[in-house]
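Read-outs: derived from the displayed coordinates by stated rules, not from any lab. For clarity, every value in this text was computed on a predicted model and none was experimentally measured. All Cβ positions, even for glycine, are placed from backbone atoms using ideal geometry, and neighbour counts span all protein chains on display.
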Amino acid sequence: MKTTKFIHSADGSSERMQGFMAHLRANGLRVGPDEFRYSMKALETIDVLSPHDVRLACKAICASKAHGYTQFDDLFDAYWMNGGYEKFSVQQNSNQAGSDTRKSFSQEVSDADTSNGSGDPDEADDESEGESAQHGEGKLTGSRIRNIEGVDLRQMMTPEALARAEQVARKLAASMRDRRSRRRRASQRGHTLNMRKIMRASIATGGDPIHLFKQRRPERPVNVLALLDVSGSMMVYSRVFLAFLKGLVSNEQRTEAYLFHTSLIQVSDVMRDSDTLRAINRLSLIAQGFGGGTRIGASLNLFNQQYAAKSVNGRSVVIIFSDGYDTDPPELIAKALKRLKKRGCRIIWLNPLKGWKDYAPVAQGMAAALPYLDLFAAANTLDSLAALKPHLVKL
Amino acid sequence: MQDTMSWQSLQCELERLAYVASDELAMALHLSMTLGRPLLLEGAAGVGKTEIAKALSQLQDSKLIRLQCYEGLDASTAIYEWNYQRQLLSIRASHEVASCDRDLSIDEVDAHIFSDKYLLKRPLLEAITQDEPPVLLIDEVDRADEEFEAYLLELLSDFQISIPEMGTIQATSKPLVILTSNGTRDLSDALRRRCLYSYVDYPDKATEMAILHKRDPDIDSRLATQIVGFVQALRKEDLEKKPGVAEMLDWAAALSGMGIVDITDDPTIMQSTLVCLLKTQADKAQIPVEVTQRLAGSFV
């Protein structure tokens, strides 16, 4: 490999290095002035004539995540080894092999990536606008951080995207679960002093509080019950939602997952399968077996009868993922939700259609359900799912 | 003298101490020493992240101070704590002395009870107050809560610890800080950017052979090839918990301890020794005798 651009041969090694840092930044690595300073310092302690040494040194300093670590070698080659200024991105590399739809997705991803890298967030928004116009679907708003979060979930079929969905769900679940009681209990590892106990014990030591006792607010975790609509109209979203559901359930025994279309089944055990793709495929098979329309009302009714008594209480949050298109009369949904609500639980309805421009809950089922919901939110992008966090914490 | 060591010689020195480090890891360690920055190691369990700190402390002939992180770890168990009971007794004693002599002012008492004498040093404070620079191992930092990461930031960037009652304690000697993480949760960017980073992967075949020979020099080379080949093949299987280097060494010790010279000899015994490698019920079910034989046979 030719190394004409290598540090020693270029005049102004510090400028070249600065260029390299900018190159890394443009490709999504988080490097700042500190990294530059340390890289320059590091070059003094190693053999700068050896590309291998410089590569290793820069890698240790500039890569800060496993993801950047694997990407680094390509970026290094591209900059120093006459590899051209081609921008690499992990998504691009791993997706290119896929089918046509995948290709177009990864193309969009890398496009959005580039504009993000130029440091102009508005541009990134424009990009996703153009993209949605291309597909002739509703406008998605609120994509801030990275392309992938803003892409409509229908287009997300890659393992990375699914893993990301799972991660978002896990964070949401954690934020919901982390609840503490308002009261305090004695505890060895508490944060505050348990004055009552200290005073009582200090009687034995002549009024001197020799032994300090602590107290803490015990945890009162909520249990999450997730109901996912896998009917025909939701099919395009189902794989991502399944990954999301899996993230919610993860290893937490208190979380239960159910699938429904014309009937309802409990799938918590399948969801706890450690292999995401295997679990999703197993579930897809189950889901395909049913087909037909959606009977939300009847499914919720079944849920009330079979599972709610055992698992829904005042500390429960029931999350329903559905677009609200129902073949049953809407009164059935209202009745089922009313009954469920009486158990003291909180009900969240996540509707992928809500994120679309000009959406109004005109589906009769949806309109009937609204009065019983604690939260009715969009769920068409990962961003919109992640944005639920503050609401869920408050519930 | 350690500072002038190049990364290649560091790698050789470590190898002498029976730790085989990859080029990337050796360079990261070298930079961590020369730049005085903490080193964050990530990677699967059992690839030797913790071992490296032990090897380093041996190499530098310095003390190894280890802080094992866990959920709920707080400042009082990791950094410092006041010896409350002793302070209290001291106040009582000073009162009794004072009553017959003269009254100590509040400031004097204050300065007295919040002095070094009443400070209980926990690992992090201990690490920066040593005379000789120690190796500080902050193990499995991802297990600690996010708020604990915030405590670490001051230490990792400036090597100082602020104690409200006493002021700021500067490091008398800069420890070599190694942080390890298994990736059970994502670490904050603030922590990451204060550290150098290296991802420790499962070793390749040649490296793993070298490790096995370093750790167990007497092992029969044919058996060693079989062991490493089998473990490498096993890692490619669909397992919940892939066997790490530590497991491989355990297994090698078990096999040579049982006097086995060829792993394809007796399928039942071979299968029963897999307890060293497979650590969950699901993994055990995943690798029945047939699969074991296929894996064992494929490279003989």
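Worth a mention:
- Taking the Cα centre of the stretch A:221-394 as reference, the dipole from Cβ charges on Lys and Arg (+1) and Asp and Glu (-1) amounts to some 540 debye.
- For the stretch B:207-258, the alpha carbon positions stretch 32, 21, 16 Å along the principal axes, listed from largest to smallest.
- P(r) histogram, all alpha-carbon pairs of the stretch B:1-115 included - 5 Å bins from 0, percent: 2, 9, 14, 15, 10, 7, 7, 7, 7, 8, 6, 5, 3, 1, 0
- Efficiency of FRET from Cβ geometry, B:Glu237 and B:Ser9, R₀ 35 Å, rounded to 0.05: 0.35
- Net charge in the neighbourhood of B:Ala296 (other residues with Cβ under 12 Å of its Cβ; Lys, Arg +1, Asp, Glu -1) is -3.
- Long-range HN-HN contacts of B:Leu179 with modeled amide H, under 5 Å: B:Leu39, B:Leu40, B:Leu41, B:Ile138
- Backbone phi angles across the stretch A:194-199, fed through the Karplus curve with coefficients 6.51, -1.76 and 1.60 (θ = phi - 60°), yield HN-Hα couplings of 9, 4, 4, 5, 5, 5 Hz in residue order; Gly and Pro are listed as x.
- Modelled spin-label separation between B:Asn83 and B:Ala150, with each label point placed 7 Å from Cα along the Cα-to-Cβ direction: 3.1 nm.
- Projected onto its three principal axes, the C-alpha set of the stretch A:7-88 covers 27, 25, 21 Å, listed from the longest axis down.
- Label separation (B:Glu96 vs B:Glu71): 4.7 nm, computed from points 7 Å beyond Cα along the C-beta direction.
- When chain B is treated as a Gaussian network with alpha carbon springs shorter than 10 Å, the biggest mean-square fluctuation among B:Leu89, B:Leu73, B:Leu25 belongs to B:Leu89.
- Theoretical gain in end-to-end length, A:Met81 to A:Gln305 [0.36 nm per residue, Cα-Cα removed]: 73.9 nm
- A simple rule links phi to the HN-Hα coupling: the Karplus curve 6.51 cos²θ - 1.76 cosθ + 1.60 with θ = phi - 60°, which for the stretch B:266-278 gives 10, x, 5, 5, 3, 4, 6, 7, 5, 4, 6, 9, 9 Hz, with x for Gly and Pro.
- Annotation: lysines with alpha-carbon distance below 20 angstrom to B:Lys214 (same-chain offsets under eight excluded): B:Lys49, B:Lys54, B:Lys205.
- Fewest-first sequence of B:Ile287, B:Ile128 by Cβ atoms within 10 Å of each Cβ: B:Ile287, B:Ile128
- A convex hull fitted to the Cα coordinates of chain B yields 166 cubic angstrom per residue.
- The ranking of A:Cys58, B:Cys276 by Cβ neighbour count inside 10 Å, starting from the fewest, reads B:Cys276, A:Cys58.
- Distant-in-sequence amide H partners of B:Glu81 (H built 1.01 Å from N, under 5 Å): B:Leu120, B:Arg122
- A Förster radius of 45 Å combined with the Cβ-Cβ distance from A:Glu219 to B:Thr225 puts the calculated FRET efficiency at roughly 0.30.
- The stretch B:125-139 and the stretch B:24-96: distance between their alpha carbon centers, rounded to Å: 6
- Helix-derived mean residue ellipticity, 222 nm - over chain B, DSSP H n ≥ 4, -39500 (n - 2.57), to 500: -14500 deg cm²/dmol
- Residues whose amide H falls under 5 Å from that of B:Ala144, counting only those 5 or more places apart or on a different chain, are B:Tyr70, with hydrogens built in the peptide plane.
- Euclidean distance of C-alpha centroids, the stretch A:154-195 and the stretch A:311-339, integer Å: 25
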